[in-house]
Amino acid sequence: MPNHPSPPGSASPAVSRRALLTGTAAAAGIGLTGCGSVAGGLSDKTRVKQWNLLAGADGAVMTEMHDNFSAEHPDIDLEATTFGWGTPFYTRLVMGASGGNASDIATIHLSRLKSVSPATLLDPITLDELKAHGLDPADFPEKIWEKCFVDDELYALPIDTHALVNYYNKELCAQIGVLDAEGRLIETSGVEAYFDILRAAKEITGQYGTSLDTLGGWRQFWAWYRQADGEMTFTDDDYEMDDDKALAAIEVMYKMSEEGLCPQFADGGQCAANFENAASAFVQVGNWEINRFKLFGGDNPEWFSMTEMPDFFGNRRTQGDCHSYVLPRHNSWDPEVRDATIEYAAWMLQHSFRWGEGGGHTPAYLPVTDGTDYQALQPNAEYSGVVENVQFDPDAWFSGSAARLFDETGGIFNQVYGLQMTPEDALAEIKSRIETLLALPNPVD
Amino acid sequence: MTVNTEAPAAAPAAMTRPPTPNGAKKKQWAGLWFVLPFAAFYALFLVWPTFLGLYYSFTDKSLTGRPASWVGLENWAEAFGDERAWAALGNTAEFTLYSTPPLVILAIALALLVNRARKLGWFLRMAFFAPFVVPVSVVTMIWIWIYQPDGGLLNHYLQLLGIQDAAAPTLWLQDKNTAMWSVVITTVWWTMGFNFLLYLAALQTIDPNVYEASSIDGASWWRQLWHITLPLLKRTTALVIVLQLIASLRIFDQMYLMTGGGPDRATEVAIHYIYISGFEGYRIGYASALSYVLFILILIISIFQFRLFSRKED
Amino acid sequence: MTAVQETQTAAPSARPVVRRRRLRKPSVGAVIVYAASAALAVLWLLPLLWALSTSFKVETEASLGQDIHWIPQDWSLEGYRTLFERGDHLTWMINSTIVSTIVTVLTLVLCVSAAYGFSRFEFPGKRIIFGAIIAGLMVPGQALIIPLFDLVNDLHLAGTYWGLALPQVVAPVMVFILKRFFDAIPKDYEEAAKLDGAGHLRVLWNVILPLSGPIMAAVGIFTFIGSWNNFLWPLLVATDPSMMTLPVGLGVVSGGYGLFYAQNMAAAILGALPLLIIFLIFQKQIVKGVAGVGLK
């Protein structure tokens, strides 16, 4: 799906790795029984199907963790599948769950929990189950834990917090002279101060200063809008937003692109590539690209570092979200599968140090983040402040990562970067899209 | 889109001439038993959903499965006032407008050529028709890659030929102005072969004597083409155009796979919007009403098609 | 039309075209015609050839931004190997084969039976049923996806081979084509068989079907191609990758293939191969089938 914002990377080597065939014998034998597929049907292991939207570097880390999990659980056959990030994934989840036919467990963004209609499409998780697998509510940050409940039922298990961060090429930054004595990127204040750095970077790279995912513009918009203390609230048929602050945020995009400080079009993969090829000295994408960049460095994984988003409007707030596990609704649960599913989720959380180290995310499981290992982790420590500065998307059924607000405004921001739309027109278009969304009957509750 | 050919000639013929041979056929229940299995499937998977959809269009049924309630004509009113729906129909029309001429003209031109290069017939037929049997996702995978702005095959050669400035590569699928054309080009490449075969077959039924007579009169090749060949291909052309119209109204696959309806909905077509409303937006009731609007449009064109071809039969 | 798929059909009773060979002296014009058509044919095949060439490259050579080589500098089967290691491609291929086979067999059985019933019998309700099926020709399958999806969910068929196949089986147009063909078979043959005491099924099996080889082949091949290439319906009901057909798996899950171009194109080539082979084998029937549409 080329036209969806493609944040977490765009390359995924591992897709449905375990959907292996036992040969044509299987095709002849099973299949026509009405249920089940030819794949995996012959195994006597407990099969747990997992769907995720984690491609790219995240996908690689998750795959590695899955391999470890499988090695420790020879009786569980974990079958993980990665779908196109965003709408394709959520549509598949909802369509599958509506027929009781989705996976056993899936990863979603916590901001999307309400939008997938938990009461009808998800199965709640009981605290007893969690305890049986060694998890305790006290192991999670309270603010996040509360977001996992809908109507007093627990529907989600948070995996991490992730956010937009600012990566910088150490060598290029040294040339520009924007590193401090300890080799860290200096802090700036205000748009112009940062643009000056980008201009200097552009001189050196010959192409761009920074690179941003032009299809995922909502993230950048929300970060900057929130830096300016912009509020966005929705009621049943009305909304409030601060036009001036929104316009200021959109103008940043337009000016940056107009001056050639960033590409007019780049998806997540291209952004990362620009950064790697030194076509840009910075890249403002999610913390999830950390592993990709480390790998790119080969013998020199520390060729780059990362810090919080630059201060444009008075602080360093950024947009972010939490990956979480949910259980799509089942027509009926096989108790063994259910048990294996919770075991899988618990194991993944308990081993989420690797998720933080490799994926750059901040694990939600406190015993991991509070551990000394994690505290000593670099460069994760350099952007640890991000967690306090994370701004979650506004609360509405059409809002959240890859939800309609995100998607539709993303198309508009893409045109702003492409200089095909002025900031004023873009703001008007965004407001009109919001009004259209508000006018829609809420299909979730 | 797969080109849809419902053997339109066959259908009306069967309709207008009910089987009456052997006059005194007795009423036999046996016939019912032969027809029943098909009729049962037909009732379950075609008739029933048709009515079910109509019913849903009067409710606010949601994909989430929460209880639905009757909303009367609300969905219908919304559908008729929905700018996005009209825009999607407009895009569908735009696609039809762009794709039909090349699908007709190219097919005729290639058929004329191949008809004269008979010794290569097998190879040429294969070359032009082969893309038609390739699954749509394979077609789009290949073309998305060809269209890649940076280093894709198309831009590479355009730059080599000096038509394109390397600093400003065309964003084929990401630019509002080129996205629809890009999908059209892919579609023409994919489905032209079917029309090409139709024309080739039609050409091969033309009696060569017709040309010989006019050659004696000294008619040039162009005159022959305009005054003999093309008029004789009229019927095939009418068929191709009607089939193209119907197929275009149902277009979905290429847009879904290549552009996702973008950029900025520039390639969002009718079925895609139904899919978006119903499955991405969970609004089964509303999507049902939208489906019915489209349904009626297709019905009108189908009836037109029926009339066109039953007249031909007479 | 079937409920959801668009079939590519052919009115099959096309008369073979009698071509008259004309002797032509090889002229400049003829040379131009041959050269032009050969050039165009090669041009038309370029996208497929490009995919084929890329599929045999190593990833570094295949990736964007490299110089364009039509002949791989470093031949490699790496793309194909990774594909088979992942295994899902094979799963989808098998799923497609299963679904298309169910659809084709059921379509043939149901439509032949119904066409025979309509062609040879008078029975109560015949006109009504026949009329209803005529009307079905005009119902666009794509406009039914919403209620059909719901129906298949309610029947608990979502994500099963039956859910994938059954809604594609309803093909009124095939009933018409077959009925027309059966109508044209003289009754004399059957009368003889009936005198020998054959029942209706025997007549159908021993008399009608042997005379219907070409049309059955045409209906069968086109149903198979149509079902194999159907995208929208399997996209809706095959939720889990283990149940996807080839076009859907490649389209939906391949998003994750990302930047692995050689592997991507290997998948494309393998995805195109089965039907290309079928096309090459049945070229004559297919060409005749398509031609039949235009000639009737």
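Read-outs throughout are calculated quantities, based only on the coordinates presented, and are distinct from any laboratory measurement. Since the model is a prediction, treat every value here as computed from it, not as a measurement. Glycine also receives a Cβ, built like all others from the backbone with ideal geometry; neighbour counts cover every protein chain displayed.
Against the 2.2 N^0.38 Å scaling, with N counting residues, where does chain A land? I'd like the Cα-based Rg ratio to two decimal places.
0.99
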Q: Pick out which of A:E343, A:E153, A:E388 has the largest mean-square fluctuation in a Gaussian network model of chain A, springs linking Cα atoms closer than 10 Å.
A: A:E388
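What are the DSSP H helices in chain B that stretch 24 Å or more along their long axis, judged by alpha-carbon atoms, and whose average Kyte-Doolittle hydropathy comes to at least -1.0? It would help to have the intermediate numbers written out before the result.
Values: long enough: B:83-116 (50 Å, 0.81); B:176-204 (42 Å, 0.85); B:284-313 (41 Å, 1.30).
Those that pass (Cα extent of 24 Å or more, hydropathy at least -1.0) are B:83-116, B:176-204, B:284-313.
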Q) How big is region C:85-295 on each of its three principal axes, counting only the C-alpha atoms and giving the largest first in Å? A) 68, 40, 33
Q.
Once R0 is set to 60 Å, what does the formula 1/(1 + (r/R0)^6) return for the Cβ-Cβ distance between B:W221 and A:R199, expressed as a FRET efficiency to the nearest 0.05?
A. 0.40
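Cα-Cα pairs above 26 Å in region B:103-249: how many percent? All intermediate terms of the calculation are to be shown ahead of the outcome.
Working: 4499 of 10731 pairs.
Counting pairs separated by more than 26 Å, the tail of P(r) holds 42 percent.
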Q: Would you work out which of C:T60, C:S212, C:M93 lies farthest towards the positive end of the dipole of the protein assembly as shown? Charges go on Cβ: Lys and Arg +1, Asp and Glu -1.
A: C:S212
Q) What's the exposure ranking of A:I105, C:I177, C:I129, going from fewest to most Cβ atoms within 10 Å? A) C:I129, A:I105, C:I177
Q: Could you please rank A:D370, A:D299, placing first whichever residue has the fewest other Cβ atoms within 10 Å of its Cβ?
A: A:D299, A:D370
**Q.** Centroid-to-centroid separation of region A:140-170 and region C:116-179 [C-alpha atoms, Å]
**A.** 49
Q.
Can you sort B:R125, C:R81, C:R86 from fewest to most other Cβ atoms within 10 Å of each residue's own Cβ?
A. C:R81, B:R125, C:R86
**Q.** Distance between region A:197-247 and region B:196-267 - C-alpha centres, whole angstrom
**A.** 51
Q) Which whole number of Å³ per residue matches the convex hull of the alpha-carbon atoms in region C:63-182? A) 209
Q: Collect residues whose amide H, placed 1.01 Å from N in the peptide plane, falls under 5 Å from the amide H of A:F304; neighbours closer than 5 in sequence don't count.
A: A:K170
Q: Taking only Cα atoms and a 10 Å spring cutoff, compute GNM fluctuations for chain C and point out the largest among C:V112, C:V42, C:V203.
A: C:V42
(Q) Output the 0 to 90 degree angle, nearest 10, between the alpha-carbon long axis of helix A:191-205 and the longest principal axis computed from the alpha carbons of chain A. (A) 90
Q: Please work out whether region A:111-161 counts as rounded, prolate or oblate from its C-alpha gyration tensor, where a ≥ b ≥ c are the square roots of the eigenvalues and a/c under 1.5 means rounded, while otherwise a/b larger than b/c means prolate and anything else oblate?
A: oblate
Q) Roughly how many nanometres apart are two label points built 7 Å out from the Cα toward the Cβ at B:Y211 and C:A30? A) 1.2
Q) Counting DSSP beta bridges with both partners in the protein assembly as shown, what percentage is antiparallel, nearest 5? A) 65
(Q) Relative to 2.2 N^0.38 Å, what does the C-alpha radius of gyration of region C:208-255 come to as a ratio? Two decimals please. (A) 1.57
Q: For chain B, calculate the relative contact order in percent as a whole number, restricting contacts to Cα pairs under 8 Å that are 6 or more residues apart.
A: 32
Q | Cα long-axis angle, helix C:261-281 against chain C (0 to 90 degrees, to the nearest 10) | A | 30
Q | Angle in degrees between helix A:335-350 and the longest Cα principal axis of chain A, rounded to the nearest 10 | A | 30
Q. Among C:A272, C:A217, C:A193, whose mean-square fluctuation peaks in a Gaussian network model of chain C (Cα, cutoff 10 Å)?
A. C:A193
Q.
Using C-alpha positions alone, give me the convex hull volume of the protein assembly as shown per residue in cubic angstrom.
A. 180
**Q.** HN-Hα J in Hz across region C:196-207 - Karplus 6.51, -1.76, 1.60, θ = phi - 60°, x for Gly and Pro
**A.** 6, x, 6, x, 4, 5, 5, 4, 4, 6, 8, 10
Q. Within chain A, what percent of beta bridges assigned by DSSP are antiparallel, to the nearest 5?
A. 70
**Q.** HN-Hα J in Hz across region A:167-175 - Karplus 6.51, -1.76, 1.60, θ = phi - 60°, x for Gly and Pro
**A.** 8, 9, 7, 4, 5, 4, 5, 5, 4
Q.
Explain nothing, just compute: Karplus ³J(HN,Hα) = 6.51 cos²θ - 1.76 cosθ + 1.60, θ = phi - 60°, for every residue of region A:283-291 in order, whole Hz, x for Gly and Pro.
A. 8, 10, 10, x, 4, 5, 7, 4, 5
Q.
Along the charge dipole of the protein assembly as shown, pointing to its positive end and built from +1/-1 on Cβ of Lys, Arg, Asp and Glu, which listed residue (A:N274, B:S137, B:P263) has its Cα farthest out?
A. B:S137
Q. Near the amide H of A:T161, under 5 Å away, which other amide H atoms are found, from residues 5 or more places off or on another chain, if H is placed in the peptide plane?
A. A:T362, A:A364
Q) Per 10 Å bin from zero, what fraction in whole % of the C-alpha pairs of chain B is there, up to the bin with the longest pair? A) 5, 19, 25, 24, 17, 8, 2, 0
Q: Could you give the size of the charge dipole of the protein assembly as shown about its Cα centre, using +1 on the Cβ of each K and R and -1 on the Cβ of each D and E, expressed in debye and rounded to the nearest 20?
A: 8320
